[in-house]
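What follows is a short report on a single structure.
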């Protein structure tokens, strides 16, 4: 028995040795290829496959070479199976192509719509199917649901085979319930209460009144963001040693929610100690300017925002000098015994960088020159990030683009850079059919057509017809922002307006006119413009019981006037300002033709201050004075009126001189007007910002006085200020803006007309 086993073992080893030797001989044996035959390919043509194979007639191959070619072709992701057969000197390539994706089907998704999921997937229709892409897509969908608070969502992919080697990829989605935050607590905090810290973080506890908010949905990314918010807050308050030990989210047993716990170590509060800016590498930063920067934080409570502000100012200073990549590094020396932090700010400047080329992308309609004229530098100028930022904002302010991005690209020369402006255009032409209602102006309907980028040249063209309960208006306007390719704004206006003042002053006004405008920039933020207008107005429709002071104004007036307007605009955003100031001075001289003679001055000032990202405080001051000359008095139509939209708490023309003896107690207007308004704009708690709803607390003070009439005791005219306070709610609805104002007239005269509630609604469709 032992002998037989021994003999069998010897024969087996001999067989294995001989097979390996033969196999090695077969894999290394070279064959000269006389013909290559590709079979079973349907979508990919033979020439393309041969180019992937990279074997030509006459090449010598062996099985080792073929194995390498096989691996390389599989990596392309185009083939489900590849086989090689060698018959004599012929190479046969058997192909099985991966199918083409016909459609991607989502089944069971209700909370997240198809147009929110499909664009996020790397898997696309008409792409070649690869198994790994399907799994990746499933993970992406799962992540989308987690970010939306659906942690129990299940995603099951499947394949439906179709004709012509096509497939549908299906994702069956079981969403489950949202996983919300049941509670938030803090451990280790002594300086600031749980309530205060809960107000700092973006994650909120689930409450019924947060039904419109997403802040109570568990999101790991939001937790990380909250950690940064807490850290930033403590550093703003001077707690330089603050650290977050942990942030733990515990899922409840029923998986209905999370309990979130932040463990923190607050540390001690610090002050800035000695502050030194080392400007040896930036001699252009003068000693006087350096001291001003150092003084901003020296001996102040430590605040990382204030330190960052100084650093930004230094970078902006250097950037405007052409040092685009200035490196500013603060060195902190923390002294635990005195609770102070000495700061040394080191500056390293690179070479001056110059602009080699400005490339503009994405403007298929808008001409390049329209964009280039908004740039604050040209090719060959020194590069400045501050100027690039201002250029971006100016292009954005045109209103022609959905997206305005900028980037810099290196060139072969180290002191040169290319600037790329990447744009995405939006529709600038608009046909409007709209309507609305206002407690001040009544019903409103309008039809209009406008084009703010006419022929891609940046010109503004508009034609509008408005029919309202109080006014009918036909309006045409054209503006060329760069007349003769100079930074000169030129415009033409034609209009006809008929307005009724029956409720407040017992008359109608019919105004037909035309005007020409010419404006130019004085500085980056200031502008001067001139306007010449000529119009004919008629005081008509006077009530038979109207005041004598209205009756004696009946008739036709022709007015030729020239006006100039000086404006400074320093606000950060025209559509949604949060900081900065704007003021305007306007003078108008009537008597350049026509039969009306007066001089009018109007002043306006607006200031915005961002308390936080969401709370914005603003003040608005407006005043005006008009007087007649050449023995002419100021007529009724040219006086100031105040109330309604301009002064919540009072009716339209509810303030100012009034004939109290007339049946309608007609408002007569005044020659002097002033109004001041303060406002705090803030989000409504529990309402998602995406809904476009905000609130504002406001206070208004002002008055209208003086009149070119000898009233004989009939005219009530008191210069005492009127004051109102209230709250406004604004909604940027899908149908148009809605504004509700609740205002109380705190100071008034007996003859004033008050109004507690006022609303405005408008729609375009």
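All of the numbers you see were taken from the coordinates with simple rules; none came from a lab. Everything numeric here is computed off the predicted structure, so don't read it as measured data. Virtual Cβ from ideal backbone geometry, glycine too; neighbours counted across all protein chains shown.
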Worksheet item: How would you rank 668-677, 724-733, highest first, on the average number of other Cβ atoms within 10 Å across their residues?
Response: 668-677, 724-733
Discussion item. Given bins 20 angstrom wide, list per bin the percent of all Cα-Cα distances in region 429-764, short to long.
Written reply: 25, 63, 12, 0
Practice prompt. Determine, from the Cβ-Cβ distance of residue 131 and residue 253 and an R0 of 41 Å, the FRET efficiency 1/(1 + (r/R0)^6), rounded to the nearest 0.05.
Written response: 0.65
Fill in: Principal-axis tilt of helix 220-236 within the chain, Cα atoms, nearest 10 degrees
50
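What are the semi-axes of the equivalent ellipsoid for the chain, taken as the square roots of 5 times the Cα gyration tensor eigenvalues, largest first, in whole Å? Mind dumping the intermediate values first?
Numbers: eigenvalues 970, 258, 200 Å².
Semi-axes (√(5λ), whole Å): 70, 36, 32.
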Item to complete: Compute the separation of the alpha-carbon centres of region 685-746 and region 316-354 and state it in Å as a whole number.
Response: 48
Item to complete: At q = 0.16, 0.21, 0.26 Å⁻¹, work out log10 I(q)/I(0) for region 271-348 with the Debye formula, treating every Cα as an identical point scatterer and leaving solvent out; two decimals please.
Response: -0.55, -0.90, -1.28
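Given region 491-621, report the % of alpha carbon pairs whose separation exceeds 17 Å. Intermediate results must be reported in sequence, preceding the final value.
Working: 5972 of 8515 pairs.
Tail fraction, whole percent: 70.
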Fill in: Acute angle (nearest 10 degrees) that the helix 385-397 long axis makes with the longest principal axis of the chain, alpha-carbon atoms
70
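Ordered by packing density, taken as the mean number of other Cβ atoms within 10 Å over each peptide's residues, highest first, how do 39-48, 638-647 rank?
Working: 39-48: 12.8, 638-647: 22.0.
Highest to lowest by the protection proxy: 638-647, 39-48.
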Worksheet, complete the sentence: Relative to the chain, whose Cα atoms define the longest principal axis, helix 63-74 and its Cα axis are tilted in degrees, nearest 10, by 20
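Give the calculated FRET efficiency between residue 484 and residue 276 to the nearest 0.05, with a Förster radius of 41 Å applied to their Cβ-Cβ distance. Present the calculation step by step, with values, prior to reporting the outcome.
Numbers: r = 53 Å, r/R0 = 1.28.
Efficiency at R0 = 41 Å is approximately 0.20.
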Discussion item. Between residue 629 and residue 113, what is 0.36 nm times their sequence separation minus the Cα-Cα distance? Round to one decimal in nm.
Written reply: 179.0 nm
Worksheet item: To two decimal places, what compactness ratio does region 331-422 give when its Cα radius of gyration is scaled by 2.2 N^0.38 Å?
Response: 1.55
Worksheet item: log10 I(q)/I(0), Debye, Cα-only region 611-653, no solvent, q = 0.16, 0.18, 0.25, 0.26 Å⁻¹?
Response: -0.66, -0.75, -0.96, -0.98
Practice prompt. Determine the distance separating the Cα centre of region 607-631 from the Cα centre of region 108-187; give it in Å without decimals.
Written response: 52
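How big is the Rg/Rh ratio for region 368-494, C-alpha atoms only, Rh by Kirkwood, two decimals? It would help to have the intermediate numbers written out before the result.
Working: Rg = 19.8 Å, Rh = 17.4 Å.
Dividing the radius of gyration by the Kirkwood radius yields 1.14.
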Discussion item. Could you sort the peptides 461-473, 187-199 by per-residue average Cβ neighbour count (10 Å cutoff), highest mean leading?
Written reply: 461-473, 187-199
Worksheet item: In the P(r) worked out for region 23-97, what percent of Cα pairs fall beyond 18 Å?
Response: 35
Worksheet item: Can you give the convex hull volume per residue for the Cα atoms of region 100-174, as a whole number of Å³?
Response: 77
Worksheet item: How far, in nm, would the chain grow between residue 599 and residue 426 when pulled straight, counting 0.36 nm per residue and subtracting the alpha carbon separation?
Response: 58.0 nm
Discussion item. If you take every DSSP beta bridge fully contained in the chain, what fraction is antiparallel? Give it as a percent rounded to 5.
Written reply: 85
Worksheet item: To the nearest 500 deg cm²/dmol, what mean residue ellipticity at 222 nm is calculated for the chain from DSSP H runs of n ≥ 4 alone, each contributing -39,500 (n - 2.57), summed and divided by the residues?
Response: -5500 deg cm²/dmol
Fill in: Proxy reagent accessibility, fewest Cβ within 10 Å first, across 460, 595
595, 460
Worksheet entry | Compactness of region 448-534, expressed as Rg and Dmax over alpha-carbon positions, Å | 16.2, 49
Response to the item:
Computed from the beta carbon distance with a Förster radius of 25 Å, FRET efficiency for residue 744 and residue 682 to the nearest 0.05 stands at 0.80
